[in-house]
Amino acid sequence: MSEQMVLRVLGSSAGGGFPQWNCNCANCAGVRAGEPGLTARTQSSVAWSRNGQDWLLFNASPDILTQLQRNPELQPARQLRDTGIAAVCLMDAQIDHVTGLLMLRERGQPLELWATPEVLGDIATGFPLLGMLGHYCGVNTHPLALDGSRLRWAFLPDAHARPLALSSKPPPYSPHRQAPRPGDNIGITLVNEATGHRVFYAPGLGHINGDVWQAMEAASVVLVDGTFWTGDEMIRAGLSQKHALDMGHLPMSGPGGMLEYLAQLPRSTRKVLIHINNTNPMLREGSPERKALDAAGVELALDGMDIRF
Ligand code: MLT
Ligand code: MN
Ligand code: ZN
């Protein structure tokens, strides 16, 4: 077995996808029209494996069935009914990260689900997926503690993960939207003990505090929130009244933006942006924003991309 592990990007877009079904912004209209330099993307999800057969799915996107069709490695076909999805771990309870759980209801075994008590609470009440799935495959919930302890899965030998609380926002449907709690959003460090390499994954990140920065500095790869280029992107486009930070997303540009942080990481750290909103101008190859990323050595995640570590 290879020492390296793989993190497969199943979906690199934020909620809504790219193009978004009802959006005619320059990016969405452009990708629909087949303009060069624009690539369609499905909604936010990644999967982690050592053996290429058993996978830990991070987030279950509304596009999961398409993602499974496009990534046959997640269907090892070892028996009549089978899946490579050995377990699911949720980063938050946002609709773009949890709705796909319903699509996994035909499983023969209960779904093994890791999430914080806050996220499990939101998907038991505001969006009652857990109760609903109880009428289908059922769910074995594994509450995630954010006390620094290591998580291990038998199908990921010589590997562990360490989740940490992020400052961001619970979903609009959550009763806690305006009063976020630690545990509404997490980031996670994935450690390959065989190579010593680690990936820090945080698709929804509103603020980089000391703990988050430490995790980013310790990582060989950071795979982080690339939702918006500017804080007022949705407002200026006339699409929403909300600032990026109101939605729990740190914008890329400007003072204190994500790119300033990434520039302080060592050159050897691989820097990849994920959960990219369809309005983000960096989606267009050749745009000034994309050129700025290229110059800074920052990559955009793309559906189907493998991060080996
Ligand atoms: C978010 O992270 O803010 C989402 O992409 C919003 C959504 O899923 O609608
Ligand atoms: Mn999202
Ligand atoms: Zn759009």
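The values are calculated or read from the model by the stated rules, or taken from the named source; none is laboratory data. Bear in mind that the values here come from a model prediction, so they are computed numbers and not experimental data. Glycine gets a Cβ as well: all are built from the backbone with ideal geometry, and neighbour counts include every protein chain shown. Accessible surface is based on the protein model in full, side chains and every heavy atom, while ligands, DNA and RNA are left aside. Shrake-Rupley method; radii C 1.70, N 1.55, O 1.52, S 1.80 Å.
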Item to complete: Determine whether region 178-193 contains at least one residue that is away from ligand 3 (no atom under 16 Å from the Cβ), in contact (Cβ under 8 Å) with a residue 12 or more places away in the chain and closer than 29 Å to Gly34 by Cα.
Response: no
Worksheet entry | Verdict on Arg284 being more than 17 Å from Val6 (Cα to Cα), surrounded by fewer than 17 Cβ atoms within 10 Å (Cβ to Cβ), basic (Lys, Arg) and over 15 Å from the mean Cα position of the chain (by Cα) | no
Discussion item. Looking only at strands (runs of 3 or more DSSP E) that lie completely in region 18-96, which have at least 1 residues being more than 16 Å from ligand 1 (Cβ to nearest atom) and either over 30 Å from Leu144 (Cβ atoms) or open to solvent by 10 Å² or more (accessible area, probe 1.4 Å) (or both)?
Written reply: 85-89
Item to complete: Please specify each residue of region 236-257 satisfying the condition of being within 15 Å of ligand 1 (Cβ to nearest atom), without any contact (Cβ under 8 Å) to a residue 40 or more places away in the chain and not in a loop (DSSP other than H, G, I, E, B).
Response: Ala244, Leu245
Worksheet entry | Filter pass, Arg162 being within 19 Å of Pro62 (Cβ to Cβ) and of a type in the set (Lys, Arg) | no
Worksheet item: Restricting the search to region 97-119, which residues are open to solvent by 10 Å² or more (accessible area, probe 1.4 Å) and not in a strand (DSSP E or B)?
Response: Thr99, Leu102, Met103, Leu104, Arg105, Glu106, Arg107, Gly108, Gln109, Pro110, Pro117, Glu118
Fill in: Within region 1-50, considering residues that are of a type in the set (D, E, K, R) and more than 15 Å from ligand 3 (Cβ to nearest atom), the one modelled with the lowest pLDDT
Glu3
Worksheet entry | Check on Leu259, open to solvent by 20 Å² or more (accessible area, probe 1.4 Å) and in contact with a helix residue (DSSP H, G or I) (Cβ under 7 Å, 6 or more places away or on another chain) | yes
